[in-house]
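Asker: Here it is, the structure, as structure tokens.
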Amino acid sequence: MKLIKKILVSILAAAIVAACFAGCSKSENDKNTGTSGTKTLVMATNAEFPPYEYFENEQIVGIDAEIAKAICDKLGYELKIEHIDFDSIIPGVQGGKYDFGMAGMTASEERLENVNFTQSYATGIQAIIVPENSNIKTADDLSKGGVTIGVQKGTTGDIYCTDDIESKNLGTVERYNKGADAVMALTSGKVDCVVIDNEPAKVFVEKNKGLKLLDSAYTEESYAIAVSKDNDALLKELDKALGELIADGTVKQIIDKYIPAE
Ligand code: GLN
């Protein structure tokens, strides 16, 4: 079931990109056509998601920030990154307030109804954080009944747990604005576990004593860049540059810098 979900998302993302390539023309890009070196692309992110995006000395750094910079350098754009709530990214991109959204964002079927996605540049796993002495041992234990799950609002962790567990009355979902707040609720015993992407999960477990990551993950997903459905030319530009940066090893190099091999 989960594998089917994942495959479907990949196929859909590829289909959307392919459809754009077949149908779009340069003139459709009203804002950002050309690579003159003077235009700015505004990226929306939520810098609460280490190591993909986080604040360091008041600057947003991380895997997404570096990949976005490499893409913009390649295309001759200036890059401006704005930090907003995670669940405001899709509406902001959809409405044209931001040129693209990059936030460890899963190219999900639901989001594809509102925005387009480039090809994927990384994989995420919905991981489960529990206290070291927890009775929760596997992902299946989450739906055994009576478990309170902490998530970051509007993330796929929220959506899966809401759809698969809470809406079937098998457990409760508590939603927090930041992943770090969900983890704080876990350390203070307000929730029994936190479902969140594995890389930030590792960072949070490292920073908080008495927590551990379960080996059993919830599901696997693909991260991609979100672009407005009205800006096919930009989608094409970003996707092409991203594809080249994947092919020449730049993306892997950036990811390896932030996520050392285990
Ligand atoms: N990958 C998850 C999602 O897209 C979480 C992303 C995030 O919290 N920045 O919903």
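The values are calculated or read from the model by the stated rules, or taken from the named source; none is laboratory data. What you are looking at is a predicted structure, and each value in this text was computed from that prediction instead of being measured. Cβ atoms come from the backbone with ideal geometry, glycine included; neighbour counts cover every protein chain shown. All accessible areas refer to the heavy atoms of the entire protein, side chains included, with ligands and DNA or RNA removed. Shrake-Rupley method; radii C 1.70, N 1.55, O 1.52, S 1.80 Å.
Asker: Checking Ala233 against (1) open to solvent by less than 10 Å² (accessible area, probe 1.4 Å); (2) more than 16 Å from the ligand (Cβ to nearest atom); (3) within 18 Å of Arg111 (Cβ to Cβ), which test does it fail?
Answerer: With (1) open to solvent by less than 10 Å² (accessible area, probe 1.4 Å); (2) more than 16 Å from the ligand (Cβ to nearest atom); (3) within 18 Å of Arg111 (Cβ to Cβ) applied to Ala233, the lone miss is (3).
Asker: Can you tell me which residue within the range 175-194, out of those that are polar (S, T, N, Q) and away from the ligand (no atom under 12 Å from the Cβ), is surrounded by the most Cβ atoms within 10 Å (Cβ to Cβ)?
Answerer: By that ranking, first place goes to Thr187.
Asker: With open to solvent by less than 30 Å² (accessible area, probe 1.4 Å) and within 16 Å of the ligand (Cβ to nearest atom) as the only criterion, which of Ala217, Ala226 stands out?
Answerer: Being open to solvent by less than 30 Å² (accessible area, probe 1.4 Å) and within 16 Å of the ligand (Cβ to nearest atom) holds for just one of Ala217, Ala226, which is Ala226.
Asker: Scanning for something of a type in the set (D, E, K, R) and under 18 Å from Leu234 (Cα atoms), does the range 89-104 turn up at least one residue?
Answerer: Yes - at least one qualifying residue is present in the range 89-104.
Asker: It is to be established whether one or more residues within the range 146-166 are in contact with a Gly (Cβ under 8 Å, 6 or more places away or on another chain), modelled with pLDDT under 95 and farther than 23 Å from Ala107 by Cα.
Answerer: Yes; the residues of the range 146-166 include at least one that is in contact with a Gly (Cβ under 8 Å, 6 or more places away or on another chain), modelled with pLDDT under 95 and farther than 23 Å from Ala107 by Cα.
Asker: Exactly one of these conditions fails for Asp140: (1) within 30 Å of Lys229 (Cα to Cα); (2) away from the ligand (no atom under 14 Å from the Cβ); (3) open to solvent by 10 Å² or more (accessible area, probe 1.4 Å). Give me its number.
Answerer: Here Asp140 clears every test but (1).
Asker: Filter the range 207-234 for residues that are acidic (Asp, Glu) and over 30 Å from Met43 (Cα atoms) and give the result.
Answerer: Asp215, the sole residue that qualifies.
Asker: Take the range 143-169 and flag every residue that is hydrophobic (A, V, I, L, M, F, W, C) and within 16 Å of the ligand (Cβ to nearest atom).
Answerer: Ile149, Val151, Ile159, Cys161, listed by residue number.
Asker: Next question. Regarding the range 153-174, can at least one residue be identified that is open to solvent by 30 Å² or more (accessible area, probe 1.4 Å), β-branched (Val, Ile, Thr) and in a strand (DSSP E or B)?
Answerer: Yes, that holds for at least one residue.
Asker: If you don't mind, another one. Report, by residue number, each residue of the range 195-214 that is within 12 Å of the ligand (Cβ to nearest atom) and in a strand (DSSP E or B).
Answerer: Val195, Ile196, Asp197
Asker: Where in the range 49-94 are there strands (runs of 3 or more DSSP E), lying wholly inside it, with at least 2 residues that are surrounded by fewer than 16 Cβ atoms within 10 Å (Cβ to Cβ)?
Answerer: Filter on the range 49-94 gives 53-56, 78-83.
Asker: Residue under question is Leu79, and the condition is that it be over 20 Å from Tyr52 (Cβ atoms) and at pLDDT 95 or above; does it hold?
Answerer: No.
Asker: Quick check: anything in the range 42-52 more than 14 Å from the ligand (Cβ to nearest atom), in contact (Cβ under 8 Å) with a residue 12 or more places away in the chain and touching a strand residue (DSSP E or B) at 6+ places or on another chain (Cβ under 7 Å)?
Answerer: yes
Asker: Then there's this: Of these, Ala261, Ala247, which one is within 19 Å of Asp73 (Cα to Cα), among the small types (Gly, Ala, Ser) and either loosely packed, with under 13 Cβ neighbours inside 10 Å or in contact with a strand residue (DSSP E or B) (Cβ under 9 Å, 6 or more places away or on another chain) (or both)?
Answerer: Ala247
Asker: Mind listing whichever residues of the range 125-137 are in a loop (DSSP other than H, G, I, E, B) and either in contact with a Pro (Cβ under 9 Å, 6 or more places away or on another chain) or open to solvent by 30 Å² or more (accessible area, probe 1.4 Å) (or both)?
Answerer: Glu132, Asn133, Asn135, Lys137
Asker: Another one. Quick one: Glu110 ticks every box in (1) surrounded by fewer than 21 Cβ atoms within 10 Å (Cβ to Cβ); (2) at pLDDT 95 or above bar one, so which box is it?
Answerer: Here Glu110 clears every test but (2).
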